[in-house]
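Peer 1: First, the structure itself, so that you have it in front of you.
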Amino acid sequence: MFCSATAALAISPGPDNIYVLVQSLTKSRNHALATVAGLMTGCIIHTTLLAFGISAIIQANEHLFLGIKILGAIYLLYLAYKVYKSGNNISIDTDNAPKKSLKQLFVQGFFMNVLNPKVTIFFLAFFPAFLFSDTLNTVIQFYVLGGLFILVSFIIFSTIALMAGFIKDYTLSHKNSGVVFKWLQIVVFVGIAIFILL
């Protein structure tokens, strides 16, 4: 379920995968893959902060951890509402894509991820619901989930980079694709929020 939810989120158009798509269309697949590598490396930082911070909270106070899960569910429902209120069109702006080296794109992808507080909040809302063992150390569990998140996201983002031309042609020729991706995000956000509260 965790991998399925991660895959659905990675496929749904957002700032990160749209940026990867634009890099592939305007520069090359290698430039897009460098961006992907940077983004995924940034996820390691978020996983580490989450693993050690939330694990300490779990050990200190289970009620406080429950409160965090409830706030996480509320945040995911808020994200679903924001997606619902947004438009149905997928915008791929390739006119103003900056020219950067592979190293610059890796570094930019890394900092795009690490310095984005929304990623931290999303990890906080998403990961705790999928802790899978009462005996295994929670730090290890968070790293397992983080590793799966990075692996699934890397595969999908890399596929976007490699199939950029096809994806652009498909979204432009299928006017309802934006609606499908929009409701996919809503279903995933609401579904995870419900799973957290059960």
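The values are calculated or read from the model by the stated rules, or taken from the named source; none is laboratory data. Being a predicted model, the structure only gives us computed values, none of them experimental. Cβ: placed from backbone, ideal geometry, glycine included. Neighbour counts: every protein chain shown. To get the accessible areas, we keep the full protein, side chains included, count just its heavy atoms, and leave off ligands, DNA and RNA. Shrake-Rupley method; radii C 1.70, N 1.55, O 1.52, S 1.80 Å.
Peer 1: Go through (1) hydrophobic (A, V, I, L, M, F, W, C); (2) touching a helix residue (DSSP H, G or I) at 6+ places or on another chain (Cβ under 9 Å); (3) open to solvent by 50 Å² or more (accessible area, probe 1.4 Å) for Ala60 and report which single condition fails.
Peer 2: Result: Ala60 fails condition (2) only.
Peer 1: So, one more: From the list Leu136, Leu148, Leu124, Leu105, which one is in a helix (DSSP H, G or I), at pLDDT 90 or above and either charged (D, E, K, R) or open to solvent by 30 Å² or more (accessible area, probe 1.4 Å) (or both)? Spell out the reasoning first.
Peer 2: Values: Leu136 fails: in a helix (DSSP H, G or I); Leu124 fails: at pLDDT 90 or above; Leu105 fails: either charged (D, E, K, R) or open to solvent by 30 Å² or more (accessible area, probe 1.4 Å) (or both).
The conditions single out Leu148.
Peer 1: If you don't mind, another one. Show the residue pairs meeting these rules: Cβ distance below 6 Å; 6+ apart or different chains; first residue within the stretch 68-79 and under 13 Å from Val187 (Cα atoms); second residue of a type in the set (A, V, I, L, M).
Peer 2: Leu76/Ala125; Leu76/Ile192; Leu76/Ala193; Leu77/Ala193
Peer 1: Looking at the structure I just gave you, is Ile74 in a helix (DSSP H, G or I), surrounded by fewer than 16 Cβ atoms within 10 Å (Cβ to Cβ) and at pLDDT below 90? Walk me through it before giving the result.
Peer 2: Numbers: in a helix (DSSP H, G or I): yes; surrounded by fewer than 16 Cβ atoms within 10 Å (Cβ to Cβ): yes; at pLDDT below 90: no.
Spelling it out, it is not the case that Ile74 is in a helix (DSSP H, G or I), surrounded by fewer than 16 Cβ atoms within 10 Å (Cβ to Cβ) and at pLDDT below 90.
Peer 1: Shifting gears a bit: Could you check the stretch 151-190 and list, in sequence order, the residues that are open to solvent by less than 30 Å² (accessible area, probe 1.4 Å), of a type outside the set (A, V, I, L, M) and either at pLDDT 80 or above or under 13 Å from Phe126 (Cβ atoms) (or both)?
Peer 2: Listed by number, the residues that qualify are Ser153, Phe157, Ser158, Lys182, Phe189.
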